[in-house]
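Beneath this line is the structure, given in structure tokens, with notes to follow.
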């Protein structure tokens with residue numbers, strides 16, 4: 001198995017992609033709006049990905065946060081609120097906010113599982129900071145670490161009850177970045193004591209099954225490399241200070257925060273300590289370069305991947321989608 005999570009170009013698995021995936025055996029796949037048409041098409045696509053992987057539990061990821069980050073959209077699927085809605089409710093009724101985000105996430109999980117998606121890149125544990133770039137903004141669960149951790153925990157629990165694995169992001173924290181890492185490399189010039197605020201939610205959720213790194217430079221820890229490419233940040237901060245031992249994936253290799261060719265990027269994040277590298281565009285030449293530059297998935301990577309997927313092996317909750325959405329909406333009405 002190759003330590004890559006890969007995208008694909010369109011709504012159907014092409015013969016070229018099938019042959020490539022069959023040869024490379026990526027650790028998982030990720031879907032975007034370009035891959036999504038309707039329920040029938042999406043279920044057929046995820047079935048095809050499981051067939052080519054030869055694994056019923058192969059991770060099939062999507063970014064379905066709610067709000068402005070949603071690959072499955074109306075009218076085929078309902079809209080979901082962004083994290084900021086639960087942050088606002090927490091101001092009024094903390095326990096109601098926790099129950100609302102849990103119901104919301106379970107409904108999300110049920111919606112994804114219906115079409116064969118078993119991993120959602122959620123929750124954000126980024127602690128929102130005033131004046132930071134809006135790339136996080138209302139996607140965040142709050143600006144207070146304990147609140148973010150409580151709502152993040154309920155999100156993971158809700159997703160799991162819906163049959164889906166959650167991915168905490170963007171470790172070790174993107175909330176105070178002044179730039180969008182999709183466009184350029186952010187530098188967070190805060191000292192180590194200040195950055196403890198950013199680490200706090202990740203420490204409380206160190207037992208999360210999966211996490212995604214931030215393409216952000218933190219000079220207090222490593223002035224020369226962003227977290228995704230820094231053995232020091234991954235080894236000493238993410239695995240050490242935070243204590244995270246779940247499956248660690250990089251953020252997308254195609255983001256402009258990273259430099260170099262795609263082989264260098266893929267090899268770099270794996271060498272730094274990520275278990276898997278995430279490549280999202282579906283561009284075949286880029287994926288081929290990534291695959292050629294990395295070796296097999298490590299033994300620790302296998303262990304962490306298996307453990308993460310095993311968290312959704314139990315019986316599904318019996319609450320219906322309508323009941324969960326109704327509960328969420330009733331609670332959010334208090335905000």
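The values are calculated or read from the model by the stated rules, or taken from the named source; none is laboratory data. Since the model is a prediction, treat every value here as computed from it, not as a measurement. Don't worry about glycine lacking a Cβ; one is built from the backbone with ideal geometry, like all the others, and counts go over all protein chains shown.
Some observations on this one:
- Qualifying residue in region 185-195 (condition: touching a residue at least 12 places away in the same chain (Cβ under 8 Å), buried (at least 24 other Cβ atoms within 10 Å of the Cβ) and either farther than 28 Å from residue 59 by Cβ or in contact with a strand residue (DSSP E or B) (Cβ under 7 Å, 6 or more places away or on another chain) (or both)): yes
- For region 88-110, taking the residues that are out of contact with any helix residue (DSSP H, G or I) (no Cβ under 7 Å at 6 or more places or on another chain) and part of a helix (DSSP H, G or I), the one that is surrounded by the most Cβ atoms within 10 Å (Cβ to Cβ) is identified as 88.
Matching residues to (1) within 17 Å of residue 116 (Cβ to Cβ); (2) exposed (fewer than 15 other Cβ atoms within 10 Å of the Cβ); (3) touching a helix residue (DSSP H, G or I) at 6+ places or on another chain (Cβ under 9 Å); (4) modelled with pLDDT under 95:
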| site | (1), (2), (3), (4) |
| --- | --- |
| 11 | yes, no, yes, no |
| 15 | no, yes, no, no |
| 22 | no, yes, yes, no |
| 25 | no, no, yes, no |
| 30 | yes, no, no, no |
| 36 | yes, no, yes, no |
| 43 | yes, yes, yes, no |
| 47 | yes, yes, no, no |
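- In region 152-166, of all residues being under 16 Å from the mean Cα position of the chain (by Cα) and in contact (Cβ under 8 Å) with a residue 60 or more places away in the chain, the one that is nearest to residue 67 (Cα to Cα) corresponds to 166.
- Only listed residue being free of Cβ contacts under 8 Å to residues at least 40 places away in the same chain and touching a helix residue (DSSP H, G or I) at 6+ places or on another chain (Cβ under 9 Å), chosen from 233, 217: 217
- Among the conditions (1) out of contact with any strand residue (DSSP E or B) (no Cβ under 7 Å at 6 or more places or on another chain); (2) more than 19 Å from residue 238 (Cα to Cα); (3) not in a loop (DSSP other than H, G, I, E, B), the only one that residue 153 does not satisfy is (2).
- Condition met for residue 243 (on the phi > 0 side of the Ramachandran plot and surrounded by fewer than 17 Cβ atoms within 10 Å (Cβ to Cβ)): yes
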